[in-house]
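Here is the structure we will look at, set down as structure tokens.
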Amino acid sequence: MTKPSTDLIHHPYTPPANFAAPQPGIYKASTVFFADVAAMRARDWKTKAGYTYGLHGTPTTFTLEERLATLEGGSAALLVPSGLAAISLVSFAFLKAGDEVLIPDNAYGPNKALATGELANFGITHRLYDAMNPADLAAKISDRTRLVWVEAAGSVTMEFPDLPELVAVCRARNVLTALDNTWGAGLAFAPFDFNGTGQGVDISAHALTKYPSGGGDVLMGSVITRDARLHHALKLTHMRMGWGVGVGDVETLLRSLPSIGLRYAAHDRAARELARWFESRDEIAQVLHPALESSPGHEHWRALCGASDLAAGLFSVVFDDRYSTEQVDRFCDSLQLFRLGYSWGGPISLVVPYDIGLMRDQSVARWPHKGTLVRFSVGLEDVADLQADLARALGRL
Ligand SMILES: *Cc1c(COP(=O)(O)O)cnc(C)c1O
């Protein structure tokens with residue numbers, strides 16, 4: 001006779017058959033049992049044919065991976081603990097001592113910090129290129145260039161590059177391309193098949209923290225590929241690094257993912273309305289939003305995203321340089337619905353002031369403005385309420 005404490009642990013639970021419901025079952029495991037030693041020896045964690053250990057995947061993580069691969073038009077996905085971990089997984093999987101990685105000057109900042117602070121310790125060098133100038137990228141590719149990062153739109157300054165041209169430059173030189181696809185989210189354009197041409201990037205890294213989560217409460221990232229060999233290389237590094245994710249967070253993502261299309265379009269509509277309103281304000285020197293005709297790279301946005309007519313919920317404004325940094329800080333502090341905070345993609349609108357002079361390498365591309373830049377992430381509040389909040393804060397300048 002076993003004791004109740006033991007019986008509790010060895011409860012004769014069997015997962016339900018014939019139980020179909022809107023949400024998939026949630027399976028949590030570090031350990032996965034094998035029926036016998038032969039099964040233990042036969043099972044290979046490198047494929048999805050069987051389960052070996054929680055870190056290598058559960059039915060729940062595999063389901064989210066398949067849905068994300070579907071969203072972005074890839075064939076396989078890997079989950080990692082954050083968007084930044086997705087970037088570092090790509091870098092560690094494909095770069096070795098002596099290699100060089102090229103990063104756009106307007107890339108998500110921590111991608112550059114990873115290169116400076118970590119990759120350099122492994123003998124991997126990096127150079128920044130001007131994403132708005134494919135000739136600059138072509139000139140910087142050398143025999144040592146193994147990986148090129150691309151990002152559309154650019155971080156904070158929102159320039160939209162000629163993505164197909166940047167990828168074509170890399171393809172001609174046989175260099176791998178990795179896209180930070182957080183802005184496009186698999187909705188604004190197809191990362192592996194630009195405009196149905198069959199041409200696209202090799203790898204897509206996505207901060208699921210943003211639109212796929214949509215809640216401002218979960219950190220996660222994905223790395224998606226079409227080519228099985230690239231996925232295999234990523235999978236090996238993923239396993240060796242031990243970058244698993246919590247199944248509770250995967251459950252949250254599975255719950256929010258089906259509404260991503262509706263949420264993304266709503267964020268986009270509201271952001272465009274507010275960006276156009278800012279264009280009419282004389283306090284503002286420039287509005288940076290790729291769907292606005294006056295924004296850098298607008299024609300490239302139209303060429304790549306015209307079919308979807310989507311552009312995310314982000315934009316930045318540059319204040320006229322008659323306003324001091326202190327005045328612009330006061331504007332940000334005066335906002336009530338827009339909260340001060342990093343990240344984006346959730347229901348609450350966010351605002352961050354940036355000193356672009358410090359964020360851009362002046363030798364790569366000269367930043368034309370002297371005024372302070374403020375980046376907005378538009379949430380899901382009523383747009384008229386948001387506009388009233390902005391107007392009131394402008395009055396406090
Ligand atoms: C937020 C973000 C990341 C990083 O995501 P985390 O989950 O916060 O690490 C990477 N790239 C872009 C463009 C982002 O906006």
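Quick notes on this structure:
- Length available on full extension from Asp355 to Leu397: 0.36 nm per residue minus the Cα-Cα distance, which gives 13.3 nm.
- When the Cα gyration tensor is reduced to axis lengths a ≥ b ≥ c, the ratio a/c is 1.5 or higher for region 259-395, and with a/b not above b/c it is classed as oblate.
- Reported to the nearest whole Å, the Cα centre-to-centre distance from region 144-167 to region 40-85 is 27.
- Extension gain, Ala97 back to Tyr53 (0.36 nm per residue minus Cα-Cα distance, nm): 12.7 nm
- Coil-residue trypsin sites (Lys or Arg not before Pro) of region 95-143, DSSP, other Cβ within 10 Å capped at 14: Lys96
- Packing-based ranking of 387-394, 33-40 yields 387-394, 33-40, ordered from highest to lowest mean Cβ neighbour count within 10 Å.
- Surface exposure of region 259-395, expressed per residue as accessible area with a 1.4 Å probe, stands at 45 Å².
- The calculated FRET efficiency for the pair Asp333 and Ser308, based on their C-beta separation and a Förster distance of 41 Å, comes to about 0.70.
- Förster radius 22 Å - calculated FRET efficiency between Ser294 and Gln387, Cβ distance, rounded to 0.05: 0.65
- Under 19 Å from the Ala120 label point (7 Å along Cα→beta-carbon), backbone N, region 79-101: 88, 91-92, 95-101
- In this calculation the C-beta distance from Asn133 to His10 is compared with R0 = 51 Å, giving a FRET efficiency of 0.20.
- Phi angles of region 177-186 translate, via the Karplus equation with coefficients 6.51, -1.76, 1.60 and θ = phi - 60°, into HN-Hα couplings of 10, 10, 9, 7, 9, 5, 5, x, 6, x Hz per residue; Gly and Pro are given as x.
- Rounded if a/c under 1.5, otherwise prolate or oblate - region 37-258, Cα gyration tensor axes: prolate
- Taking 7 Å steps out from each Cα toward its Cβ at Ala233 and Arg43 produces label points 2.9 nm apart.
- With a cut-off of 13 Å on the backbone N, the residues of region 93-118 near the modelled label site 7 Å out from Ser142 along Cα-Cβ are 98-102.
- For region 275-363, the set of chymotrypsin sites (Phe, Trp or Tyr not before Pro) satisfying both a DSSP loop assignment and a count of at most 10 other C-beta atoms within 10 Å is given as Tyr342.
- Coil-residue trypsin sites (Lys or Arg not before Pro) of region 286-331, DSSP, other Cβ within 10 Å capped at 16: Arg322
- Packing, as the average of other Cβ atoms within 10 Å across residues, places the peptides 83-93, 202-212, 100-110 in the order 202-212, 83-93, 100-110, highest first.
- In the full protein context, region 37-258 carries 37 Å² of accessible surface per residue, based on a 1.4 Å probe and ignoring ligands, DNA and RNA.
- Only protein atoms count toward the accessible area here, which uses a 1.4 Å probe; on the chain, the carbon and sulfur part of that area reaches 54 percent.
The values are calculated or read from the model by the stated rules, or taken from the named source; none is laboratory data. Quick caveat: nothing in here was measured; it's all calculated off a predicted structure. Here Cβ is always computed from backbone atoms with ideal geometry, including for glycine, and neighbour counts include all displayed protein chains. We work out accessible area using only protein heavy atoms, side chains counted, and drop any ligands, DNA or RNA first. Shrake-Rupley method; radii C 1.70, N 1.55, O 1.52, S 1.80 Å.
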